[in-house]
Each structure stands twice: as structure tokens, then as C-alpha cells.
1. Need one number: nm distance between label points at SER72 and SER124, each 7 Å from Cα along Cα→Cβ, rounded to one decimal.
2. Give me the number: length gained by fully extending ASP300 to ASP248, i.e. 0.36 nm times residue separation minus the C-alpha to C-alpha distance, one decimal in nm.
3. I want the local charge near ASN343. Using Cβ-Cβ distances under 11 Å, sum +1 for each Lys or Arg and -1 for each Asp or Glu among the other residues.
4. Could you work out, for the stretch 314-425, what percent of all Cα-Cα pairs fall into each 10 Å distance bin, beginning at 0 Å and stopping at the bin that holds the largest distance?
5. Any chance you could look up the accessible area of PHE58 with a 1.4 Å probe, heavy atoms only, rounded to 10 Å²?
6. Could you compute the net charge surrounding ASP54? Neighbours are other residues with a C-beta less than 12 Å from the C-beta of ASP54; K and R count +1, D and E count -1.
7. Given N residues in the chain, what is Rg(Cα) / (2.2 N^0.38 Å)?
8. Kindly report, to the nearest 10 Å², the accessible surface of ARG69 as traced by a 1.4 Å probe over protein heavy atoms only.
Amino acid sequence: MKHNPTLWSLGAVTALAMSSTLVFADEHASAPDLTHTTVMSGLDSPWDMAFLADGTMFFTEKCRGLSVRLPSGDVNALLGMTGSDGYPSTADDLFCEGQAGMQGVAVDPDFDDNRFIYVYSTSSKTAPGSNRLMRLTVSDDLGAVSDRTDIIEDVPYKPEATDHPFGGPGAHNGGRVRFGADGHIYLTTGDTHNGEVPQSPTLLGGKVLRVDRDGNAVADNNPPEGFDPRIFTYGHRNVQGIAFRPGDGQPVVAEHGPWHSDEVTLLMNGGNGGWDPRPNMAGRGDCPVSYCGYMPNQMDGMDPAERVKFMPMTDTATYPDAMPPAWNNNGLSQGMSSAAFLNGEQWGAWEGRLVVGIMGIGFGGTPLDMRIDVIDLAEDGKSVEDVTTMSLPMTAGRFRSLVQGPDGNLYAAVDQGEIYQLTPN
């Protein structure tokens, strides 16, 4: 089926026309037919996946830990969190609360030589808690991990509840870990409901970080003067998707919006995402607990086009050089999460296109729509040529992670506990 925009008002339509160029493709004429296999079920909030060339799949469960599924279908638990049972080793400092927990996982491109994988998780090692990127060594038999090294230790964590929607502890951690085409690690982080964080030169929330295997800044990172050198881009709200365009390796992110404007954005080294939820900015006054991210009228519904005037996702009036989004989900926020590019001729007309997972967050009249969208980005990354909603061969879920496997198929993890394999035919 084709995904049609919700028409909120003449103002919303005008805002949409200004923010993105959108032409919907004839899906049935060009899309591959899909079949599906349920690879795993009964999981506890599976959050991410990473593959070896033979199909071995590492995966995380947000409140349990890290495991690996072998090509035979057997599963080895590897590293548990506080309160987890059935793991050969447990890290008692790792915990989950609210949206926080064990999230992204990535395999080192040189895994055959160094046996390294990387996992992002919330930790109690430093008060009041932080998010950490850990490097682990996997045993030859894929039965254990060892040599934990925390290569990034200081990503902010939200320790206490605040007066905001979804305002509990642990909000907005980002959490995706990926190796780019340049061989470096990219880590996405969130603003933790803290107005100061996204534009801060030193706090690592609301950023995309780019580091080497030891967590050191990549030499050609180009943040503004005085910024932490690990910062690749800043001014983000809550990026949970990052993928790298085939051909040129250009990083592209998918980002949650604040009651409006989920965004897909092409990243520029040193760029500002334009998210600045501080009070007393852009004509705003005070906001609850110094965070304007859901204002105005934050607990109630209103026209998203009206809300965006007060608290834009990408504030180009304040930051004229902010990175422009290619697409803003028709001005709506429905929980845009993971992202991946489709590679291989088996995908037909979809080869080279970006897929993004939508978790279906409905609020104040916003349609509740769990889905996967297929996006044809313009070459300059500032607009899209078309957007198609994937016709799913299984029941939709809260699509938390999308990863293309070494077999060329798309793997989708949903919060409800399943990991699916989607095969084009």
C-alpha cells in the first residue's frame, strides 16, 4: 500500500511543501514481492543485530544482554545485565530503565583477525549513570566474550523523571553503533530531555560521534572550535538510525521527532542538526524543567504545523547553516528508528534505496502506523525522489532495528520480541 500524508491544515500542507519534495512511487509496478521467515521469537525487546559473513548474528535485548545466533540456529548467551539469568558472564553495572539499556551492536570489519565486537549500554559505573560504548573480544567458539574495554564512557544518561511526555528516567539515549565505509565507528546519542545537551560543545548527548577502535577522535572530525573532538555532528534530538549510502559511503541518519517531524538527514562533517530545546531561545520563554522539546501544549494534541513554529526540529532561523532534512515524515512524528540501505540486484527498483523503521507512536490525532518506508534520496541528500511503504508479508510491529544480512535479505527486529527475515522475490 502507498503511504499517504495526513492533511492537518492548509498551513501543514504548506509547511510540508516547503520542507520536502515528495513524489510517491507506483509501488506495485516496481517493488519486489517479499516473503518472510521468523528467525527468532519470544525475545525481550530485541534492539539491534550485527552479522558475520557466514550468517552468524549477534543481537541485543534491551533489558537482558548480548547473545549470538549461530548459522545452525543454536543460540549462545554471551553477556548479561543486572538481573539477567542464563548468561555465562554478567556485568552488574549494566542496567535498563525506561528507554535505556543494552542497545546497539557492531562487528569489527577485521573480526576474523581481532575478534572484536562493540556494544552500547547504560552503566552505573559513574554516578548518576552513563551510556558507554564497550569493546569485547569474542571467543573462537562464539561461546563467550572477554576483555571488556569501555572505549567511550561519558555519554549522558537521564537519571530522574521529569515533567514531560515519556518523561521517566532513561529517556533519549540514541544508541545505534555502526562502522562507516571509512572504517571508523559512528555512535548516535540522544538529548536525555536536557535542553543544554544538543548544542553543548562538551556533553556528548544529541550527537553523532566518530571514533577509532580505541574510542579516540578521528583526525579529520571537524566540529566547531572548542567542541569535543569525538563529535562528528551535533544538535540532534534522538538518532536511532544511521546508514551509509552505497557508492560514496555518505552517512545518513533517521531521527525521532518531538510530536512532529521525524527526519532523514544526510550528515556533513561538523554539521549542526539544528535541534535546540533550551528555554529563552528563538523567542521562547521558560519551559518545564528547562526543556522545550515538546512545547507548546506539550501534554495535549495540536496541529503539528503549529507546534513546529514554536519548537522546530531543525531550526534554520536560529542556525541558517543547519543540515537540511531530506524528508520529515510528512511533518509527523511516529517514532522513526533504524535505517539501512538495500544493496544487490535482488532488490530490483529498490536497490540503493534507504529503508527506515517506523514504530507507530500516535499522539493527538497522529495516525498510529507501524511500517517500513523505502526512500529514494536525491543525489544531494536534500530531498527525496519518492517514498513507498513496504507491503509486509507479516504483521507489522514496532520496527526497532533494520539490518541487511550477508545473504542480501533484510532483517527486522520488533519490540514485540521477533526478528524477521524479509526476502525479495
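1. 3.7 nm
2. Details: separation 52, 0.36 × 52 = 18.72 nm, distance 4.29 nm.
Residue separation times 0.36 nm, minus the Cα-Cα distance, leaves 14.4 nm.
3. Working: positive: ARG245, ARG353; negative: GLU345, GLU351.
So the environment of ASN343 carries a net charge of 0.
4. For the stretch 314-425, the pair-distance distribution reads 13, 42, 33, 10, 2.
5. Using a 1.4 Å probe on the heavy atoms, I get roughly 0 Å².
6. On the way: positive: ARG69; negative: ASP112, ASP407.
Net of charged neighbours comes to -1.
7. Numbers: Rg = 20.1 Å, N = 425, 2.2 N^0.38 = 21.9 Å.
So the Cα radius of gyration is 0.92 times the expected 2.2 N^0.38 Å.
8. 60 Å²
The values are calculated or read from the model by the stated rules, or taken from the named source; none is laboratory data. On a predicted model such as this, the values are computed, not experimentally measured, just so you know. So basically every Cβ, Gly included, is an ideal-geometry build from the backbone, and we count neighbours across all protein chains shown. Quick note on the areas: whole protein, heavy atoms, side chains included, nothing else; ligands and nucleic acids left out. Shrake-Rupley method; radii C 1.70, N 1.55, O 1.52, S 1.80 Å.
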